Structure formats: C-alpha cells, structure tokens
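Participant: A single structure is presented below for examination.
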C-alpha cells in the first residue's frame, strides 16, 4: 500500500490534492499567505523576541502538507528567539507527501531552499505514529504525527497538557475535509492550552467558529489573505487555565559512558541543563565496537516493539546527520532471506505493512549489495552503519562533557541522577533504592576480518542471523554472538569460529569462505524480558536509562529525547501507551 498523498501539480507548480480537490498553498503567494495567517495573526515572530530564558515554545498544527508553515516558523524562530530557547513544532498529517513530492513542491519555494534541503535530509517515511526529528543543532524539533488526526490526537494530548503555545489550524477547508473540523479537535486544543495560548486559521466557517467558542476560545474575525474575505484568530480565555513555565534546568548527574549517556548528555545540554558524567570508562561496553548497524526492527505483523523502532529510527537518522560520512554512513541495510522461513516472513513484512520508503523486498540478483547474495532481501534504503566508539566521544564533545573516570562513582541522592550503566544499571539502582529491575546481561563478541578483493566491494550492511558491515580501513566487523545471562567480556576463540560459521552458512557464497581474523572484541549488552528499553523515574531524583539490547544505536537518540523531556518538563514524543511500556519495571 502506497501511503504517499494522491496529488498533482498545477501549472503554477503548486501541489493539489486529488482526494480533497484543494491546493496545498496559495497560488498567489504561499509564503505570504502562511506568514500572514499563521504567524502574524498569532503574534509571531514578536512573541519569540520576549521568551523567557530556557523556554520551550510549542506550536501544534493540523495538516503538515508541504511543511511550509513549519519552515517559516523555524526561520522566524531562529532569527528572533533567544538562543537558549527551543521550538517544538507538532504537526498531524493523514496523507504525508513523499520525499519526491516534497522536492517538486519546494521548486515553488526558492527563497526557503536551505531549510527545505535540511528538512528533506531527515524527512521520514510515512509510517503511522510520531516521528521526532532534530534540526538546527537541536534548537528546533519537529514531531510529525502520521495518521488520522482523530486517532492520533488523544495520544498527544495526554502528555501535552498545558504545553501548547500556538495552534495553526490548517489542513483542507471544512467543506473539503469535514471529518477534521469536529469537536475532538477543539476539545484537544482546550486540554493542551495555557493562559497564553493563541490560534489562527485561514477559515471563517461557522462550524469552526462555534467549535472554538464552545471550547473556551475567543473568536475574532479579521481580513483574510488575498482573495479570502475573512479568517479567524483568538486566544484561550478560561480563567482556570494553567500557567506555563520555562524548562527546569537543575543539574543532572549521569552514571555511564556509552551511547545512552552520550545522547542524554547532549539532549539535556540543549535544554540548558548542567550535566556531569561519571563512568568506569568511555565506550567500555557495547558502545565501543568499531562498527554497528542502525536500522529499525520490523516484525511480520505490527507490534508495539516494531512501532517503537520505526519511530526511533527516524530520530536516529536526524540525530546522526551532522556526522554523515564522518562517523555515520547511510549506505542501506540488506536482510537476505537465507531460508524458506525467512523468505515467507520477509514477504509479509514488505507486503504493505510498512511504508515502502522504510523497507522493500529486493529481488534475487540485484547488485545493490556490491557482491553476490543470491536471494531476495529486505532493503532498508535509509539505514546504515556507525562508528560507535567515535560517535559516542563526538556526542560527549558536542555536549561539552568531560567524563570523570571512576571505578566507584559516587551518587548524591539530593541531585537528579540517571543510571545509564548498561547491564550494571540494575545492580546500581537496587543498591540505591532497594528496587529490583528486570535488566539482564547478554554477552556478545564481534570479529574483525580482513577485507578480500571480493568483500571490499560490499556497499551495504548485510544482516543474516548476525551482520557484516562494509569495510572500514580494510576491516569488516562481523557478529555478534548472543550469550544470555553471561556478563563476561573475555575473548573466546570459539566465538570467532561461531561468527564466521554463521556468516558462511547463511550466505552460501564463495566470498564468505576463508576470511582472515584480525581482531575481536567482547562486551555485555543490557536486555529486558520484553525487549523494550527501560527509561524513566525509579524514585525521587533517581532515573534509569538501560535495556537497549543490540539496538542501542538506533534507540538511544529517541530515548534520550524522552528522558530529557521528563527531567526538564518539556514535551515528550510518542503515544501514551508507547511511553508507558518504557517505564522502569
């Protein structure tokens, strides 16, 4: 099933919805209309200029469309808001444009070209749910909720109580899209409003006016843009509405030196929080591997776990983008169907369950891998691989963190503290709180082999039972073993043999034979019984960030955003039930 919007482009280069028979932006001037309706009538950018220190300004929009309103809001915020403030732009879209459709639409917006290119670089596939994207060095966040707004909005409302500063009521006109302009929308606006919340909309339809008034908003009819006679704007007037405060910036201590601690340090630093990090070492566990794959975990049916990793992957792509071709290589990932069972499962995965921009079935004989794989394969076009050890250090440097190395980190329970110490997190939390968390060790050993004339041509990550990564400095990383309950990091010759045998048995190709071992590395991952990561509050001032398993490189950026929001009081991404599954247990 193709999830892209059904559109065509008119003679002016403006996209037109075939489903709603309506244009995405004004033929006269889309930019001028957006600035007049959604910024000017919402008191922007003037409101940006007077924001208090460390304020997180939240705009929520109905109908992302081409992202024009977001681009202009982003531009105005960067130009006018204090540097220690953040913009979180939340937008709902039932029929997202594909990346190719956006590229064509942006040809009509040459003055915004630089921002358009930045958005296109991180624009997600059209899979349902909340995709958090990090832009402008973390100052701007886009939460793109894909799906029917009536179904998605309740998930957002729960964590957005009193958080929304501005509503952009866009989308297609009430006569074209009456399903959106219903009481559930106006109720959600009231539930997320505070004393300073305002809105603006291009329409002056009676159903919208009555809905806004019934939800507690003032309604002013002002001159519309261009050919439109009227539009509406106003503010929330309930006397018992909450007041919104700036982000909390009390210091946070982190125990840990891997990808979780590094991502969280940067997320907190971007919110103005002073962070200290203490660890036995930096990248001394699984985050110290020389190479690691980044791609979503997808099942043959939609599960909470696969949904989480779809959204985590979107955030990871945006988080690692600044290091593209330095430490992040979006080469693509291939999962060959090396037996009949895998073939059947992969066919289900690629049969419309997920957006084809996320995953597709590549036919046997395709040359995308750069070497012969001989079978069909799932292809994750936007996935790739990282240099984890280097990336972790880069993230700490970006956050201006010098990790304090100590075999016995001291914890001050009067200060907010996050335990992000991998499989040791459970024991540390138990010692500090008496609570036993379900965090279990799983030992894994990777093997580095010398690239041969044949394997040097590998262009994409291959994932069988284990994985093989394209050569980096003449070496491939192959792995990894999976020993449940084993917390040893000793090197075992049998594990090297297991890694090579697994690759040889699955690949069934000459290039997998007679590979030369150069080095190896063993480390211990942290897992949970239901394979969901574990983040959140354990007790007052004590938090945990663990259980990332073998997907930590994919999951850590999104998890860091969630936990940073919990610690600072900002807006959390993801649906309510997804957040609940991440809670310590």
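Taken together, the values in this text are just the output of simple stated rules run on the coordinates, not laboratory data. Since the model is a prediction, treat every value here as computed from it, not as a measurement. Cβ coordinates were reconstructed from backbone atoms using ideal geometry, including for glycine residues, and neighbour counts include every protein chain displayed.
Participant: Of 84, 46, 490, how do they rank once you tally other Cβ atoms within 10 Å and put the fewest first?
Facilitator: Values: 84 17, 46 12, 490 9.
The most exposed by this proxy come first: 490, 46, 84.
Participant: Here is a follow-up. If you rank 577, 486 by fewest surrounding Cβ atoms within 10 Å, what's the result? Provide the component values of the computation, followed by the final result.
Facilitator: Values: 577 11, 486 15.
Fewest-to-most ranking of 577, 486: 577, 486.
Participant: What number, in percent, do you get for the relative contact order of the chain if the mean sequence gap of Cα pairs under 8 Å and at least 6 apart is divided by its residue count?
Facilitator: Once normalised by length, the contact order is 14 percent.
Participant: With a cut-off of 14 Å, note down the residues of segment 135-156 whose backbone N falls inside the zone around a label point 7 Å from the Cα of residue 121 toward its beta carbon.
Facilitator: Residues 135-140 qualify, since their backbone N sits under 14 Å from the label point.
Participant: Would you mind giving the average projected area, over all directions, of the Cα convex hull of segment 205-324 in nm² with one decimal? Before the final figure, lay out the partial values.
Facilitator: Numbers: hull surface 59.2 nm².
Taking a quarter of the hull surface, the average projection is 14.8 nm².
Participant: What share of all Cα pairs of segment 61-148, in percent, falls into each consecutive 5 Å distance bin?
Facilitator: Going from the shortest bin to the longest, the percentages are 3, 14, 27, 26, 19, 8, 3.
Participant: Once the convex hull of the C-alpha atoms of segment 7-235 is built, how many Å³ does it hold per residue, rounded to a whole number?
Facilitator: Working: hull volume 25.9 nm³, N = 229.
Once divided by residue count, the hull of segment 7-235 is 113 Å³.
Participant: What whole number of Å gives the distance from the Cα centroid of segment 72-106 to the Cα centroid of segment 323-356?
Facilitator: Here the answer is 29 Å between Cα centres.
Participant: Can I ask one more? For residue 436 and residue 230, what does the FRET efficiency come to when R0 = 56 Å and r is the distance between their Cβ atoms, rounded to the nearest 0.05? Intermediate values should be presented prior to the final figure.
Facilitator: Values: r = 62 Å, r/R0 = 1.11.
Computed FRET efficiency for residue 436 and residue 230: 0.35.
Participant: Now, a different point. What do you get for the angle between helix 304-320 and the principal long axis of the chain? Use alpha-carbon atoms, 0 to 90 degrees, nearest ten.
Facilitator: Long axis of 304-320 versus the principal axis of the chain: about 90 degrees.
Participant: What Kirkwood hydrodynamic radius, in Å, does segment 344-383 give when the mean of 1/r is taken over all pairs of distinct Cα atoms and then inverted?
Facilitator: Numbers: mean 1/r = 0.0950 Å⁻¹.
Radius from the Kirkwood sum: 10.5 Å.
Participant: Of all DSSP beta bridges located in the chain, what percent are antiparallel, nearest 5? Before the final figure, lay out each step's value.
Facilitator: Numbers: 59 of 97 bridges.
About 60 percent, rounded to the nearest 5.
Participant: Compute the long axis of helix 259-269 from its Cα atoms, compare it with the longest principal axis of the Cα atoms of the chain, and write down the angle in degrees, 0 to 90, nearest 10.
Facilitator: Tilt relative to the chain: about 30 degrees.
Participant: From the helices alone, meaning DSSP H stretches of at least four residues, give me the mean residue ellipticity at 222 nm for the chain, per-run term -39500 (n - 2.57), in deg cm²/dmol to the nearest 500.
Facilitator: Details: 16 runs with 164 residues, N = 585.
Helix-only estimate at 222 nm: -8500 deg cm²/dmol.
Participant: Return 413, 391 ranked ascending by Cβ neighbour count within 10 Å, so the fewest neighbours appear first.
Facilitator: On the way: 413 12, 391 23.
Arranged by neighbour count, lowest to highest, 413, 391 become 413, 391.
Participant: Using R₀ = 25 Å, calculate the FRET efficiency as 1/(1 + (r/R₀)^6) where r is the Cβ-Cβ separation of residue 343 and residue 585; round to 0.05.
Facilitator: Numbers: r = 36 Å, r/R0 = 1.44.
About 0.10, to the nearest 0.05.
Participant: Cα centroid distance between segment 168-239 and segment 539-555, in Å?
Facilitator: Segment 168-239 and segment 539-555 have Cα centres separated by 40 Å.
Participant: Using a Förster distance of 41 angstrom, determine the FRET efficiency expected from the C-beta separation of residue 459 and residue 484, and round it to 0.05.
Facilitator: Details: r = 33 Å, r/R0 = 0.81.
FRET efficiency, residue 459 to residue 484: 0.80.
Participant: By how many degrees, 0 to 90 and rounded to 10, does the Cα axis of helix 388-398 deviate from the longest principal axis of the chain?
Facilitator: That helix lies at roughly 40 degrees to the long axis.
Participant: For the chain, what log10 I(q)/I(0) values come out of the Debye formula at q = 0.06, 0.11 1/Å, with one point per alpha carbon and no solvent?
Facilitator: For the chain, the Cα-only Debye profile gives -0.32, -1.04.
Participant: Once each part is reduced to its C-alpha centroid, what is the distance from segment 265-309 to segment 359-403 in angstrom?
Facilitator: For segment 265-309 versus segment 359-403, the Cα centre distance is 15 Å.
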